[in-house]
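Contents: one structure, followed by commentary.
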Amino acid sequence: MINDLKLAIFDLGQVCFRTHLERCYLEWEDMAGIRPGSVSRDFPLDDQYEDYERGTMSGRSYAEYFCMLNELSLDFEEWKEGWNAMFGEVIEPTRKTIVAMKKAGLKVVALSNTNATHVETWQETYGELMALFDQVYLSNEMGMRKPEPRVYEHVLNQHECEASQAVYFDDKRENISAGSRVGIESILFDDDSVAALWWKRRPVESSVS
């Protein structure tokens, strides 16, 4: 154990692997046979999307809603293909940091706001990366999503961990603020090296190899 640190919590998209929402739009426009850039890029982070991420709205229902909102003529399989086009490369400094943390004896978990449609893709695309985590906490399976305080409390309770014994990395400021309010050391991931540099500043045995 490194000092009192017991648990490391990582967001997934833009922290462990790259996501590219623009790819989704380009795929949707191509499949719908419309001009690139003709669909608004103002992605609707509304009540329906939150329901989708809590698992209370199906992917098929959300796809119908999204297509209606954006006047897209796509069936569910086409929409799903475009939706899953967002996934990019693994962020290597983060992966190395996770490996080093586990070697040092920490529990390392993922905590992500997500949906069942995307989870299907992870099992294929990021199998090796996902296998590194001791546990994966997903909003659509928990029925709650960040930045709700109970999300962080749930993860801490599952590992019998005090907030002061955990560190958390996320690229969303609102999620970091929520984690901090619970008492977790919460680090804004605004550069690929954030987790690696934070870990390197710990005692000597925790340096990334």
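The values are calculated or read from the model by the stated rules, or taken from the named source; none is laboratory data. Here the structure is a predicted model, which is why all the values come from computation and not from measurement. Reconstructed Cβ throughout: ideal geometry from the backbone, glycine too, with neighbour counts over all protein chains shown.
Structure data summary
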quantity: Some residue of the range 72-84 being modelled with pLDDT of 95 or more, touching a Lys or Arg at 6+ places or on another chain (Cβ under 6 Å) and buried (at least 18 other Cβ atoms within 10 Å of the Cβ); calculated: no
quantity: Subset of the range 131-155 [surrounded by 15 or more Cβ atoms within 10 Å (Cβ to Cβ), in contact with a helix residue (DSSP H, G or I) (Cβ under 6 Å, 6 or more places away or on another chain) and farther than 16 Å from residue 49 by Cα]; calculated: 132, 137, 152
quantity: Failed condition for residue 84, given (1) more than 19 Å from residue 127 (Cβ to Cβ); (2) of a type outside the set (A, V, I, L, M); (3) assigned to a helix (DSSP H, G or I); calculated: (1)
quantity: Residue within the range 25-46 that is assigned to a helix (DSSP H, G or I) and under 19 Å from the mean Cα position of the chain (by Cα) present; calculated: no
quantity: Among the residues listed as 65, 52, the single one being under 25 Å from residue 146 (Cβ atoms), aromatic (Phe, Trp, Tyr), outside the structural domain of residue 171 (by TED's automatic domain parsing) and surrounded by fewer than 18 Cβ atoms within 10 Å (Cβ to Cβ); calculated: 65
quantity: Residue satisfying all of: in the range 118-135; polar (S, T, N, Q) and modelled with pLDDT under 95; farthest from residue 59 (Cα to Cα) among these; calculated: 125
quantity: Unique residue being on the phi < 0 side of the Ramachandran plot and crowded, with 20+ Cβ neighbours inside 10 Å when the list is 164, 193, 112; calculated: 112
quantity: Where residue 21 falls short, out of the listed (1) surrounded by fewer than 17 Cβ atoms within 10 Å (Cβ to Cβ); (2) of a type in the set (A, V, I, L, M, F, W, C); (3) in contact (Cβ under 8 Å) with a residue 60 or more places away in the chain; (4) in contact with a Leu (Cβ under 7 Å, 6 or more places away or on another chain); calculated: (4)
